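Notes for the one structure printed next.
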Amino acid sequence: MSVVEQEHENLPVEKWSESHVSSWLKTIGVKEQYIQKLHDEEVDGRILLELTEDFLRRETGMKSGPALLIIKKRDELIDSRREQKPPQVQKKQPSGLSKEPELKNMKEGASDQSTDTVPAQTLPETKTSKKKRVGGVSAKTDCKPRPFGTDGIDFTYVKHSVLLPESGVIDLISPCHEYKSFSTAATLDRQRLQAKFAKEVLKFGTGCMNIRTNGTIHFGVMDSREDGGFVHGEIIGVRAEEKDIYTDALDYIEKCFSKSDSEHVRQCIRPPQFIEVVDMNGTDKHYVVEVDIVPAISIVKNRVYSVRLPNFKEKSNKVEYEKDTIYQRVGAKTEPVSDQKEFCQRIRDRDVQREEAEKSHFLNAPDVCEDLGRKLTLLVTSGKKVIEKEKLYILVTNKFQQSDLSSIDFLLNMKIFCVFDFDPDSKRSGFCSKYLKHHAANLHFMQNYKIPSGMSIKEFESHLHLFEQTSWIFCNGRSDFRGNEMPCDEMTWIKTKITLLRECVSLICKQILPKGSFLVIFLLTSPVEKPILHTFYEFFTEMEGHEDILCISESEENYQKWESFAAASCDMDALRKSSVVGMKMSHVNATIQHIQPLTTRATKHLTVFTKGQCLLETREEERIYSLEILGVDQCDGTSEDFIEAKKKHIESYFYQGGKVNWLNFWLAEKKYVGEVIQRDAYREASKLLSDILKWRVDSRSVSIINIYHHPGSGGSTVARQVLWNNRKDLRCAVVKPSYSASIVCEHAVQLREYEEKEREKCVPVLLLVEDCNNEFLDDLRNELEGAISTQRITQGTLCFILLTCRRSHNPEKMCKESPLQNVGVTHKLSAEEKRQFAGKRKMLEERYQPEFILTFVLMSEEFDQQYVKNFVEHLLQEIDHKSVVTRLILYVALLNSYVQNSFISQSHCEALLALTMHLERFRQHIFERALSEQAKLVFIHLRDEKTYIESIRIIHPLVAKEIVRQLLGSDQEQSGIAMDLLHEDVLYEHRFGKEEYLTFLRALFIRRCRISKGDESDSFFSPLIEHVKEHESPEKALKLLEAAYVRFNRDAFFAQQLARLNYSCEKFEEAEQWAEAAVRKMPQNSYILDTKGQVYRRWFMAKCKAIEKVAKTPENTANAIETALKAMECFKKCEKAAISDLETMNNSGFFAAVEVGCSLLKLIFSLPVFSSKTYGHTECLKYLLTEYIPEEVRKPWARFHDQLKAVQQAMLEALEWISEDLSYFQTDIEDEEMIESTEMKISNPKNWLVNKSIVYGKYFSSISASSTAQLEAKLGTLSPFMKRMSIYHLGGGNITTIFALLIDQKDKGQIKVLETIISLYPSNPLMARLNQTDLVNYIATQIALGCLSTHSSKLAALQDLRNLCQQFPSEKEKCLCSALFLLTLLFWPEEHDTTQSIEHKYGIVMSAVECLKGSYWNKMKDVPQRRRRIFTHFFLSNGSGWNKIVHKSKVETITKQLSVPEKRMKWLRGEVWKMPEIGKLLKSVQGWTEDGTVYLLGPQKKFMIPALNSASVPYGNENVTFYLGFTFRGPVAYNITVIQ
């Protein structure tokens, strides 16, 4: 056995390394391939303990068999290790049970118990009992017996818990106890069992009656040490399927006593009580059978009782009776009286004692009632004066009494996360039905809390809508449900449902809600049954204690059963302290309502169109869960107690840097605190809003105001101030993060129409959208406009105003770009703002210490760099640099410096500080006490608005940056602290808030800066990596990224970043390795394939640069050429992957292939063998385009001759693809995802295409085209291929470059260029039978020339071009999309055409459009339309012939004289189409609308024209006019106007 194998047997599992785990896997027989896989995945002991079967199958590809084996053997290993551990904490034991000899002596002294002693082998041994026995006596839990004289149905025992030892006489009233295991006797037949039971009861009963003491005899409780490892007093229980056997056994009384005695005995020996024994791991019912003896003095006075005990004799097979005997209790035993005379003489003394005992018992003063109201208040508030608004509650309840349902207002005011409801009728007539009248709730079963494979916790929360509405979990069926969910009895429930309960509770407590954020309330309103008891046990186990568990029970009887069960898990006194027993539900209701933040059940009102108000029902508000709705009377129901307790904290939290909430404005408005300053930006935004609200015919239904702000400058406060001060005139709401635009739109429409009579007459909705990207905003606007369009609301009706609040490093620039739409908030204060801030600061400093209003102080100083520096310097004096708290400060500051809106959850911090929370109620105090003074000042505590998870961040990003700078000083570097953060296993593996933490950590190393996302600049790497690379060293940046790669499970995107970083440092071999690692992980990801290509491209460029310094030869260029060809091969794969990806369109591979191709051609053509003026160019072309290979390069380039000969075709295909893509879609829309993921950024794709097409044409045409005269002179000598390449060189190679000649007409040379291009085509193209591509380019060139000069000698007649079009394939599916587009232009009918000609032309156009639609949707894939908006090339004009169409550039020249902001707004609002110059230029065609679809008037067959702006389409069936644009989708409609 190896050392490692020996080691793992001695170490705790959690300390095992990967090697130890591998050794253990070998011992249980797992295949080597799986062992290696788990070793590669770095599965150590801690991870082994967390493994699930699902994970093993999903992540390692393991079959079900071995996965099941590993989990089963792992669990067995844990169990065996647990059993081997000596007990850590000795439970408090009953006296006499702590040492085995004492037990033995006690048993030896019990003379008459031998007949009931059961051999060990006859006892049923469960898995649990085995475990219990290992730990010896100390592993058992103490418990109390059933209260004397009470019904057994209200009480339970837990199996293996231990009662106090058998006892003798105490005070005659307190019962003495005797135990019988009865395990063998319980299995006997009826006659034998009854004889045995009666013998024990009557013997014990007679002994108690003669001594005049109360007593209880227990059957099913261990009474001797010979009971096979069980301890004295241990509860095991007996099966009692026929309870009447035990009850009827007391009929022996009449046979065993004299007639006169038997009546007394009947009165003193009470009927048997059957107390259920709960077995956490068993499903069979067992009971402890108990008989109480009550010798009341009125019955037994002056009497001595003798008994003839029954005995079943096996020989005679019948019951025989022993001789008449007087019994008495002697200590813990019942023995015969030896001296009957003396015993009888003392009977009077015993009677006197009994009489006095009874009198004193009944004359005892009543119990002093504890202050249940105060107790309930302290338990619900965790010791505070009022309930925290953020506290979540979990309710566990059984059937509510109808009288109690009128006292549940306190529950309706609580933030209930979920309800475990054991009442199957709850939805029909119980608590659920009542709750649903006031709140929205999602009805679930326990099985709904199983997370589907591959779903994250966040996705699961969204899936079940947790935190949005209460989750109502029916735990024992639902009687009104039509599915198969019927209620079942207790034992069936335990067999079928207990596992579901366990998983459900574990998921909530361990993965969804952090400890301390919620309180579990057990409301016992009906008799308690086993399922609800098991629920307590599961919560107690998962929450590691009862500190956040509260029990409320009006009935003492209901509570008794609960308490007896719960006592097996926790201390009885502690349990009593967290229970409120005996308080009426109406009193509970009144008491809790008094301490709730809102004085009454929360109500909210909204303004309505008629200037009145309507009530917003709470349940309706909860259904609009993606919006935080601001009511007219927001916060008005806040209780005075809450205000007094919280107002100071709320105000100081805001001025310390916390996010503003509605209470800040409300408290200021009601004069409880000082006013919130209104900054200049607030007034500017309010002015823009009031301008939007002024009705105009051309108003947009959805308007936008943007607030751009410096990080931490108060932009969010300004935005929320605008909402607060407009809540009485508009319907206002904040859009909650993480919901899709479609859901937000649906809810916004519901909010607008709520309680309004007509859709036309509704109050506009003001929606605040914070920290959103342009895509979400565009999507939301489109969705809202689509909804308005569907509802057919009159144009010009303002429905929604989107107020966006976004981070920007240059708010002033954003305002300048669009002053009519944008507002800026900066750190700089105006003179008026300085005056306000100074006054406010003076006032605040009188009430608060400066450290409690830090952010406000910094804002009043305009975040002056020197002030921030001095402030941090002063703050960090005497800080302990080695303490873990300082390390925490550094970690948080580093994250806050580089990742916007980042934070670390408080439970992460507690884990790092190694805090153990013994009492959850004081958790916050323990955490804050653990922080240093510096940490208390710089940390601001946050709470997630949805999940209420608490977290911390530095008070301001600028302070965070300064803290990092000063704490690290000159000695240390940021790479060091970042590396430490990566290696903090405690933080990385901590469960709560894990997804957010990993998101922030990932962003720290991989998220690139984007100006469009509010960053200061665009970056190639994450700001941290760029900082380390530039200010420390590239090597440290590489090491940091490599560590991040390992930490994030060798993530492909980290490998991609490493490839980029390496090639930027010119470490090309390493870059190649990292790129290949990324591709291996994600072989079909076009962005990663692009990175691999870029590695070779950069490597090729570096090699070219090196070659420039020496004379070029085929030998010394071979390596560079091979690298370029590798790059082109990668880009080809990238192109293929991009085309097959249906969700995005990554065209970077096409652009890069052309870039590399041009650079490669430049290198090849520069070689001496190909650069000689006489024959070099021709020689090179011959080599690249034919089979010919020059001798000079034959050997050096032998490996890649074929690849070089394919370069021309590869470049042509890439250029053609780019041209087609640019013909379809606008190029001014940036795809954030594509920019984030690609290496090259092409700022003006059309210009790029023109330039690269010229370069491509230059290399593959045999002559220089710089002189058109020279070109025309040699036309006769050029081959068709050379002519085509010359056309490319002149800009006529594709439709995009041809139409690009129409855009920039400054030098007026375009006409000459177009004429030269036409001269390169055959003089009679109709006879020449050109191929389809050449035909398209020729016709497009003629159209471009026609737009510039209708008098050119080279311009063909329109009819000739139409005739040429007949050479396009007759099957339209085989036509190029560019050919189909030209058909729509050339065959659009004119007014002077005959009816027959018009119909013929429409037929051609409509068949072309039908095919264009299909091509368009293939091109679009599943990419949202906002990302790929169709591009309009031409418009239908008022002219005829060649003047029938006008290029888009001519339309755009009309707005050129306007300022940029004005021009932008005119295009955005569609006002440009109302300009008279446009009316003169473009032709207004007629049509009609049906159900939101536009049709063209003219053709006999319906011709649908898509509207470019769907919001402009009238909702009814109207006659309309519109302008026609020509696109690669077909004709589109602009400026749709209803004919009045």
Worksheet entry | Positions within the stretch 791-822 being closer than 18 Å to Arg720 by Cα and out of contact with any Gly (no Cβ under 9 Å at 6 or more places or on another chain), in sequence order | Phe800, Ile801, Leu802, Leu803, Thr804, Gln821, Asn822
Worksheet item: Which members of the stretch 1080-1102 meet the condition of being more than 35 Å from the chain's Cα centre (by Cα) and surrounded by fewer than 24 Cβ atoms within 10 Å (Cβ to Cβ)?
Response: Arg1098, Trp1099, Met1101, Ala1102
Worksheet item: Just to be sure, is Leu967 modelled with pLDDT of 90 or more and not basic (Lys, Arg)?
Response: no
Practice prompt. Could you look through the stretch 577-622, keep only residues that are among the charged types (D, E, K, R) and crowded, with 16+ Cβ neighbours inside 10 Å, and pick out the one that is farthest from Val769 (Cα to Cα)?
Written response: Glu617
Fill in: Single unsatisfied condition, Gln750 versus (1) open to solvent by 10 Å² or more (accessible area, probe 1.4 Å); (2) more than 29 Å from Pro811 (Cα to Cα); (3) touching a Leu at 6+ places or on another chain (Cβ under 7 Å)
(3)
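Of all residues being assigned to a loop (DSSP other than H, G, I, E, B) and open to solvent by less than 30 Å² (accessible area, probe 1.4 Å) in the stretch 142-158, which is nearest to Val352 (Cα to Cα)? Just the residue, please. Before the answer, list the steps.
Applying the first criterion (assigned to a loop (DSSP other than H, G, I, E, B)) to the stretch 142-158 yields 143-151, 155.
Among the residues that remain, those that are also open to solvent by less than 30 Å² (accessible area, probe 1.4 Å) are: 143, 146, 155.
Values: Cys143: 34, Arg146: 28, Phe155: 34 Å.
This residue is Arg146.
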Item to complete: Report, by residue number, each residue of the stretch 34-49 that is surrounded by fewer than 15 Cβ atoms within 10 Å (Cβ to Cβ) and either modelled with pLDDT of 80 or more or at positive phi (or both).
Response: Gln36, Glu42, Arg46, Leu49
Worksheet item: Considering the stretch 226-260 alone, what residues qualify as being more than 25 Å from Arg190 (Cβ to Cβ) and surrounded by fewer than 19 Cβ atoms within 10 Å (Cβ to Cβ)?
Response: Glu226, Gly228, Gly229, Ser258, Lys259, Ser260
Response to the item:
The condition of being open to solvent by less than 60 Å² (accessible area, probe 1.4 Å) and either in contact with a Ser or Thr (Cβ under 7 Å, 6 or more places away or on another chain) or over 25 Å from Ala960 (Cβ atoms) (or both) holds, among Glu1072, Glu1066, only for Glu1072
Worksheet item: Do you know which of the residues in the stretch 1017-1058 that are surrounded by 17 or more Cβ atoms within 10 Å (Cβ to Cβ) and not in a helix (DSSP H, G or I) is nearest to the chain's Cα centre (by Cα)?
Response: Phe1048
Worksheet item: Does the stretch 1519-1540 hold any residues that are crowded, with 16+ Cβ neighbours inside 10 Å and not in a strand (DSSP E or B), and which are they?
Response: Arg1529
Worksheet item: Out of Leu1061, Leu1125, which single residue is out of contact with any Pro (no Cβ under 7 Å at 6 or more places or on another chain), assigned to a helix (DSSP H, G or I) and modelled with pLDDT of 95 or more?
Response: Leu1125
Fill in: Top-ranked residue of the stretch 326-349 - restricted to ones that are touching a Gly at 6+ places or on another chain (Cβ under 8 Å) and of a type in the set (A, V, I, L, M), ranked as modelled with the lowest pLDDT
Ala332
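Do we have any residue at all in the stretch 311-330 that's part of a loop (DSSP other than H, G, I, E, B) and either crowded, with 16+ Cβ neighbours inside 10 Å or at positive phi (or both)? So that I can check it myself, show each step before the final result.
Taking the stretch 311-330 and keeping what is part of a loop (DSSP other than H, G, I, E, B), we get 314-317, 322-324.
This time we only want the ones that are either crowded, with 16+ Cβ neighbours inside 10 Å or at positive phi (or both), so: 317.
Yes - at least one qualifying residue is present in the stretch 311-330.
Which ones in the stretch 1104-1120 are assigned to a helix (DSSP H, G or I) and open to solvent by 40 Å² or more (accessible area, probe 1.4 Å)? Step through it out loud before you land on a result.
Start the filter on the stretch 1104-1120 by keeping residues that are assigned to a helix (DSSP H, G or I), which leaves 1104-1107, 1114-1120.
Scanning the stretch 1104-1120 gives Lys1105, Ala1106, Glu1115, Asn1116, Asn1119.
On the phi > 0 side of the Ramachandran plot, among the charged types (D, E, K, R) and either open to solvent by less than 30 Å² (accessible area, probe 1.4 Å) or out of contact with any helix residue (DSSP H, G or I) (no Cβ under 8 Å at 6 or more places or on another chain) (or both): is that true of Glu812 in this structure? Let's see the steps before the verdict.
Values: on the phi > 0 side of the Ramachandran plot: no; among the charged types (D, E, K, R): yes; either open to solvent by less than 30 Å² (accessible area, probe 1.4 Å) or out of contact with any helix residue (DSSP H, G or I) (no Cβ under 8 Å at 6 or more places or on another chain) (or both): yes.
No: the conditions fail for Glu812.
Return the residues of the stretch 770-813 that are in a loop (DSSP other than H, G, I, E, B) and not hydroxyl-bearing (Ser, Thr, Tyr); say none if nothing qualifies.
Of everything in the stretch 770-813, those that are in a loop (DSSP other than H, G, I, E, B) and not hydroxyl-bearing (Ser, Thr, Tyr) turn out to be Asp771, Cys772, Asn773, Arg792, Ile793, Gln795, Gly796, Leu798, Cys799, His809, Asn810.
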Worksheet item: Of the numbered conditions (1) open to solvent by 20 Å² or more (accessible area, probe 1.4 Å); (2) more than 27 Å from Val337 (Cβ to Cβ); (3) touching a strand residue (DSSP E or B) at 6+ places or on another chain (Cβ under 9 Å), Thr283 satisfies every one except a single condition; which is it?
Response: (3)
Discussion item. Out of the helices (runs of 4 or more DSSP H) lying entirely within the stretch 1324-1410, which hold 3 or more residues that are open to solvent by 30 Å² or more (accessible area, probe 1.4 Å)?
Written reply: 1325-1328, 1332-1348, 1358-1365
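For the stretch 480-570, which fully contained helices (runs of 4 or more DSSP H) count at least 3 residues that are among the aromatic types (Phe, Trp, Tyr) and open to solvent by less than 40 Å² (accessible area, probe 1.4 Å)?
The helices (runs of 4 or more DSSP H) meeting that bar are 530-542, 556-566.
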Item to complete: Go through the residues of the stretch 1207-1220 one by one and say whether even a single one is open to solvent by 10 Å² or more (accessible area, probe 1.4 Å) and farther than 23 Å from Phe1281 by Cβ.
Response: no
Item to complete: Those residues that are at pLDDT below 90 and not polar (S, T, N, Q), I need them from the stretch 1323-1346; list them, please.
Response: Pro1325, Leu1326, Met1327, Ala1328, Arg1329, Leu1330
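Yes or no, residue by residue, for (1) out of contact with any Cys (no Cβ under 6 Å at 6 or more places or on another chain); (2) touching a residue at least 40 places away in the same chain (Cβ under 8 Å); (3) not hydroxyl-bearing (Ser, Thr, Tyr):
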{"residue": "Thr618", "(1), (2), (3)": "yes, yes, no"}
{"residue": "Arg623", "(1), (2), (3)": "yes, yes, yes"}
{"residue": "Asp633", "(1), (2), (3)": "yes, no, yes"}
{"residue": "Ser639", "(1), (2), (3)": "yes, yes, no"}
{"residue": "Asp680", "(1), (2), (3)": "yes, yes, yes"}
{"residue": "Arg683", "(1), (2), (3)": "yes, no, yes"}
{"residue": "Leu693", "(1), (2), (3)": "yes, yes, yes"}
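The values are calculated or read from the model by the stated rules, or taken from the named source; none is laboratory data. Just so you know, these numbers come straight off a predicted model, no measurement behind them. We place every Cβ from the backbone using ideal geometry, glycine too, and count neighbours over all the protein chains shown. Ligands, DNA and RNA are excluded from the accessible area calculation, which covers all protein heavy atoms including side chains. Shrake-Rupley method; radii C 1.70, N 1.55, O 1.52, S 1.80 Å.
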